[in-house]
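Enquirer: Quick one: the structure is below, questions incoming.
Derivation of every value follows stated rules applied to the coordinates shown; laboratory data play no part. Note that this is a predicted model, so its numbers are computed, not measured. Reconstructed Cβ throughout: ideal geometry from the backbone, glycine too, with neighbour counts over all protein chains shown.
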Amino acid sequence: MRYPTVAAIAFVVVGIIVGLLGMHAFEFNGISLRNALEVFYPHIAEMSVTLAITVLILDRLNARQSRIEAKQRLLRELRSSDGGYAKYALEELRSEGWLTDGSLVNGGFARIQLPDGDLRHAVLSGANFSNAALGDANLSESVLHDALFRWATLVKVNFSGADVQRADFYEANLEGATFVGAKTAGIQLLRANLRRADFSGASLQGLVATGVDLTGAELSGADFENAQLANAVLEGVEIARAIFRLADLTGAILRNASGSECVFTKARLNGADMCGASLPECDFTGAELHGLTARDANFRASRFIGVAATGVDLTNACFSGASLANADLSGANLAGCDFTGADLRSASLRGAVIVGAKFEDAKMDGIQLPENFEEQRMVTISRRIP
């Protein structure tokens, strides 16, 4: 039992004893017990209860102040450069429930050092983690919407299932970080390092991440509709079933990217580099591909209906079974391309280089061929003769 509670009980007991002694004294002087009770007892009882309540209120206020001071002390230790103090403070904050009750919302944690920190289920919306070092930390299922992570070191941090909507990761190092199942609407990743990050299934519609480095990232099933990814580096990314509808990928690097059934309808890929990419059964309908470089790429059974792809370099690319109806490939380098079984109806190949290209079983009704088509075809045939 707490000391103030004991004191309150003592006040009540003392008041009763004093009252009884007072009644005895009055009775000794000829005053009746009845009169004494009527005069003094109500006042003694009232004073005793008042004192007891006062003590209890003061005790509660003191306890509350103590908790406030304890929280402030733990927060100071959490910001300590000593990793031991910081981790101890984090454990205490969790045990007291302060990590998850919302009391750290909008908190200031700039430059905090918490590598390997356990921040699961933490409620830290609006918090400032600018320049923080949180490598390998676990922030899964945490509430981090509107938080600031500018210039933070977040290598291999686990954001799985976290709410990072509208969070700002400007120039943050997120190499190897995981965002699987995270709420990512409105997330800001401008100039961030996202090499080998995992955004599987993430909703990144309208993302503005011009020039972002996503080398080797896992983007399967992610939605980048209307995203601004001009000059982004997506070399070696896995993009199976990913959506880039209406996205701006002008000048983007997608060398050796791989994944089937991805969607690039009406995307802008002008000047992009897709050399060595393997993207079978993907949809590029209506996309802009002017100046695209995709040597040795695999586009088997993909759809390029109505694409604008003038001046592209598709040397040795595979389009077997692909649909390129109404595609504009004027001036394209199609040397060595495989169009076996492809649909090239009403496509334009005017001025294209087709030496070594294969057109077996291709549908070519209404196609516009280069003026020297037969000459190039003879060169191709002569090369095949042993």
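Enquirer: Do any GluC sites (Glu not before Pro) in region 287-386 lie in a DSSP loop with no more than 10 other beta carbon atoms within 10 Å, and if so, which?
Expert: Here the sparse-neighbourhood loop sites are Glu360, Glu371.
Enquirer: Moving on to the next point. What nm distance separates the two modelled labels at Asn131 and Asn106, each placed 7 Å from Cα along Cα→Cβ?
Expert: The modelled label-to-label distance comes out at 2.3 nm.
Enquirer: Here's another thing I want to ask about it. Using alpha carbons only, how many angstrom separate the centre of region 127-141 from the centre of region 302-331?
Expert: 45 Å
Enquirer: When each pair of different Cα atoms in region 219-302 is counted once in the 1/r mean, what is the Kirkwood radius in angstroms, to one decimal?
Expert: Its Kirkwood hydrodynamic radius stands at 11.9 Å.
Enquirer: Okay, next question. Calculate the FRET efficiency for Arg73 and Asp116 from the Cβ-Cβ distance with a Förster distance of 30 Å, rounded to the nearest 0.05.
Expert: 0.85
Enquirer: Take the Cβ-Cβ distance between Glu374 and Val208 as r, set R0 to 41 Å, and report the resulting FRET efficiency rounded to the nearest 0.05.
Expert: Result of the calculation: an efficiency of 0.25.
Enquirer: Separate question: For a quick check: sort Thr210, Thr184 by the number of other beta carbons within 10 angstrom, fewest at the front.
Expert: Final ranking by Cβ density, sparse to dense: Thr210, Thr184.
Enquirer: At what distance in angstrom do the alpha carbon centres of region 341-355 and region 203-276 lie from each other?
Expert: Computed from Cα coordinates, the inter-centre distance equals 26 Å.
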